[in-house]
Amino acid sequence: MATPPPLPPDAVPARRLDTRIRRMDGQLILAFGETALALSESGALLYEHMDGRRTVGMLAAMLAKTYGLAEQDALADTGEFVDSLVENSLAEVRDSPT
Amino acid sequence: MIRICLDEATLHRTRVATSPLWESLSSLALLIRFPGDVPSPYRGWARRARRVMPPGMRAEFQDWLGSLHAHQLPAFLTPLPETPRPSIADELAVLRSRAADTDGTDPDGTHPVAVGQRFAGGGAAIAQFADRLEEYWEAAVAPYWTGISSALEEEILIRGRTLATDGPSAMLAELGGRVIWQPPQLSAPYHTDSAYSLTETTFVLVPVIFGAGTRIFSAAPGAAGVSYQARGAGVLESIPAESVPGTDADRMATLIGRSRATVVRSLTAPATTTALAKATGLAPSTVSQHLSTLVAAGIVCRHRVGARVLYELDKGGQMLIEQLDDSRD
């Protein structure tokens with residue numbers, strides 16, 4: 001099967017409101033039903049800013065600036081991170097309102 | 001009617017497994033049972049299956065299987081699934097290995113061969129049947145398998161949850177489709193009046209989308225299984241991805257976009273974002289994005305089942321398919 005196309009930069013990821021969030025030993029843990037996901041520092045940064053208004057492009061730019069990444073790499077990492085959240089029913093993605 | 005008595009040990013050895021082989025045989029039974037128009041929701045599938053089957057194949061299977069709807073299939077044609085989700089290749093390999101072992105009589109010795117004389121040829125005949133069945137699978141069932149297996153996956157999850165939380169008796173009680181569980185007896189409509197008593201046996205329930213074709217019961221030493229109608233047969237009303245025209249004729253894709261149309265067509269059975277991503281080959285985040293838009297437009301609705309969020313077509317989505325897809329047949 002061909003590689004799925006990347007998430008477009010104007011897509012808007014949003015946290016699912018029914019996610020349970022805990023912070024343990026400084027690490028952010030997300031739980032939905034029987035699923036639990038421990039976020040890395042960069043993952044936590046993205047998750048905390050996924051407010052349903054910022055686009056994937058805006059989140060990737062923030063990641064690139066914080067960690068000194070190339071924009072394209074940051075965009076790919078952000079898409080991959082959002083994918084993993086969606087797969088675990090921890091986030092959903094919307095079209096850009098504009 | 002078939003009546004199967006389960007002792008306590010058998011009841012606690014009940015498991016659920018899918019079988020592409022049993023699906024294929026059940027779908028063939030459907031084509032043979034209804035030489036003309038096949039009832040909904042199998043009508044569109046049957047029309048396409050007949051179109052793509054090589055000339056003479058249906059008559060050949062009729063010859064192989066004889067009056068399939070009136071008799072029980074011999075156990076050598078319906079090996080029990082050995083794992084929860086065997087592939088068709090796994091199951092055909094089992095069928096062929098049996099062919100190598102048999103001398104022309106019913107190799108299991110548990111059922112009379114009541115399906116014509118073609119299998120009197122023994123192992124060679126069974127091997128030839130397996131080859132033809134593989135061709136049939138490729139032409140008629142495989143194009144739909146992504147959708148079918150997605151629906152079966154949901155079925156297994158639902159049954160598995162009841163089995164885990166409320167036990168095997170509760171699971172048998174909620175199978176539906178005229179399957180009645182009155183402990184210790186499971187009864188269901190069947191071609192003949194048959195009664196079995198299983199003691200200390202592994203009991204396999206096989207959900208099939210093509211359950212309207214025939215009911216399969218199979219027994220082997222220490223194990224037995226029966227098919228039942230799975231939910232989600234509506235998945236057959238979708239157009240398989242391989243046959244969707246790529247250009248102007250795809251009116252739904254023109255209106256709502258190709259990948260969004262793919263998501264809508266994959267939603268004939270309730271599914272999670274992850275299952276849809278697997279079925280369509282799109283990234284989960286892309287599927288999620290399309291679903292959000294489709295929910296906002298009233299084409300898709302979402303509901304939560306335990307820890308999972310399931311999406312299914314709303315009335316608007318069903319109308320979209322009826323108006324734009326069904327007219328292409």
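The values are calculated or read from the model by the stated rules, or taken from the named source; none is laboratory data. Predicted, not measured: the structure shown is a model, and the values here were computed from it. Here Cβ is always computed from backbone atoms with ideal geometry, including for glycine, and neighbour counts include all displayed protein chains. Just so you know, the surface numbers come from the protein's heavy atoms only, side chains and all, with ligands and any DNA or RNA stripped out. Shrake-Rupley method; radii C 1.70, N 1.55, O 1.52, S 1.80 Å.
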Tell me the label-point distance for the pair A:Gln72, B:Thr165, using the 7 Å Cα-to-Cβ offset, in nm and rounded to one decimal. 4.8
Among the residues of the range B:294-320, which ones have their accessible area go down by 40 Å² or more when all the protein chains sit together, as opposed to their chain alone (1.4 Å probe)? B:Arg304, B:Ala307, B:Val309
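Given R₀ = 56 Å, what would the calculated FRET efficiency be for B:Thr202 paired with A:Glu41, taking r from the Cβ atoms and rounding to 0.05?
Values: r = 49 Å, r/R0 = 0.88.
So, using R0 = 56 Å, E works out to roughly 0.70.
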By what distance, in whole Å, do the Cα atoms of the range B:1-100 stretch along each of the three principal axes, largest value first? 47, 33, 23
Excluding ligands, DNA and RNA, the carbon-plus-sulfur percentage of the accessible area of the protein assembly as shown with a 1.4 Å probe reads 53
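Mind running the shape call on the protein assembly as shown? Use the C-alpha gyration tensor, a ≥ b ≥ c as the square roots of the eigenvalues: rounded below 1.5 for a/c, prolate if a/b tops b/c, oblate otherwise.
Prolate, because a/c is 1.5 or more and a/b exceeds b/c.
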Ballpark to the nearest 100 Å², how much total accessible area do A and B bury together, probe 1.4 Å? 1600
DSSP-assigned coil residues among trypsin sites (Lys or Arg not before Pro) in the range A:3-98, each with at most 14 further Cβ atoms within 10 Å: A:Arg53
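Could you state the accessible area per residue of the range A:31-73 in Å², with a 1.4 Å probe and every protein chain left in place?
On the way: 2370 Å² over 43 residues.
Here the residues of the range A:31-73 average 55 Å² of exposed surface.
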Net charge of neighbours whose Cβ lies under 12 Å from the Cβ of B:Gly213, counting Lys and Arg as +1 and Asp and Glu as -1: +1
